[in-house]
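Peer 1: I'd like to ask you about the structure that follows.
The values are calculated or read from the model by the stated rules, or taken from the named source; none is laboratory data. Computed from a predicted structure; not experimentally measured. Glycine gets a Cβ as well: all are built from the backbone with ideal geometry, and neighbour counts include every protein chain shown.
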Amino acid sequence: MLAFLLELDRNMLLWIQDVLRSDILTPFFIIITRIGNGGTIWISLSVILLIPKKTRRIGILSLLALMGSFIIDNIILKNLVARTRPYEVVQGLQLLIGKQNDFSFPSGHTGSSFASAVILYKELPKKYGIPLIGLATLIGFSRLYLAVHYPSDVLGGAIIGTLIAILVNKVYYLLFDNSGK
């Protein structure tokens, strides 16, 4: 079963490279992945939300989710799993950006993106939340397009980030606000 999943990961990356990559899309996905570097876009949005009193709670929740994602994804799981990056082992896969300095599983870009975006989706009007989920998805896909993660790394990051956001949200409402959200 594991061998099948590893082969599926590999084949999906090669398919993306062979079918979807183009001179037009590559600069776009490089920009999208840079937007997600270090969680900068999500930290910036969260800090902006801290300024008005009306959205301060949302900014705090987002920052807490980002911290949780960083600790779980980047500090614990990446080092525990220690998965080699796909460009190092998948024959014929061409890396489109610089080599990464950490392990592959889970995708930290995707984890932080979903941790913050899910909080923002749950707490902000949907006209803001839906595009932010879309941005998180694009950031995750950019990691596949650029060949720095396997699909299972991105899926794992999305699931973990989403679960962290749900947990942060639930704990807040249990401890501080009994409105039932």
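Peer 1: Looking only at the range 23-43, how many residues end up being loosely packed, with under 14 Cβ neighbours inside 10 Å and aliphatic (A, V, I, L, M)?
Peer 2: 3
Peer 1: Kindly evaluate L96 against the criterion of being in contact (Cβ under 8 Å) with a residue 12 or more places away in the chain and not in a helix (DSSP H, G or I).
Peer 2: Taking the combined requirement at face value, the residue satisfies it.
Peer 1: Within the range 123-141, identify whether any single residue is assigned to a loop (DSSP other than H, G, I, E, B), among the aliphatic types (A, V, I, L, M), closer than 27 Å to R57 by Cα and out of contact with any Gly (no Cβ under 6 Å at 6 or more places or on another chain), and answer yes or no.
Peer 2: Yes, the range 123-141 contains at least one residue that is assigned to a loop (DSSP other than H, G, I, E, B), among the aliphatic types (A, V, I, L, M), closer than 27 Å to R57 by Cα and out of contact with any Gly (no Cβ under 6 Å at 6 or more places or on another chain).
Peer 1: Something else: Among the numbered criteria (1) without any contact (Cβ under 8 Å) to a residue 24 or more places away in the chain; (2) under 30 Å from V19 (Cα atoms); (3) touching a helix residue (DSSP H, G or I) at 6+ places or on another chain (Cβ under 8 Å), which one does Y128 miss?
Peer 2: (2)
Peer 1: Moving on to the next point. So which of L20, L13 ends up being surrounded by 11 or more Cβ atoms within 10 Å (Cβ to Cβ), modelled with pLDDT of 95 or more and either touching a Pro at 6+ places or on another chain (Cβ under 9 Å) or not aliphatic (A, V, I, L, M) (or both)?
Peer 2: Only one candidate passes the filter, namely L13.
Peer 1: Do the conditions hold for T84, that is, is it closer than 28 Å to M12 by Cβ and surrounded by fewer than 17 Cβ atoms within 10 Å (Cβ to Cβ)?
Peer 2: Yes, satisfied.
Peer 1: Does S179 meet the test of being modelled with pLDDT of 95 or more, of a type in the set (S, T, N, Q) and either out of contact with any Gly (no Cβ under 7 Å at 6 or more places or on another chain) or on the phi < 0 side of the Ramachandran plot (or both)?
Peer 2: It is false that S179 is modelled with pLDDT of 95 or more, of a type in the set (S, T, N, Q) and either out of contact with any Gly (no Cβ under 7 Å at 6 or more places or on another chain) or on the phi < 0 side of the Ramachandran plot (or both).
Peer 1: Tell me which residues, restricted to the range 91-110, are surrounded by 20 or more Cβ atoms within 10 Å (Cβ to Cβ) and out of contact with any Phe, Trp or Tyr (no Cβ under 8 Å at 6 or more places or on another chain).
Peer 2: Hits for the range 91-110 are P106, S107, H109, T110.
Peer 1: On to the next question. Please specify each residue of the range 1-26 satisfying the condition of being of a type outside the set (F, W, Y) and over 19 Å from T84 (Cβ atoms).
Peer 2: M1, D18, V19, L20, R21, S22, D23, I24, L25, T26
Peer 1: For the range 162-177, does any single residue satisfy the condition of being surrounded by 14 or more Cβ atoms within 10 Å (Cβ to Cβ) and charged (D, E, K, R)?
Peer 2: No: zero hits.
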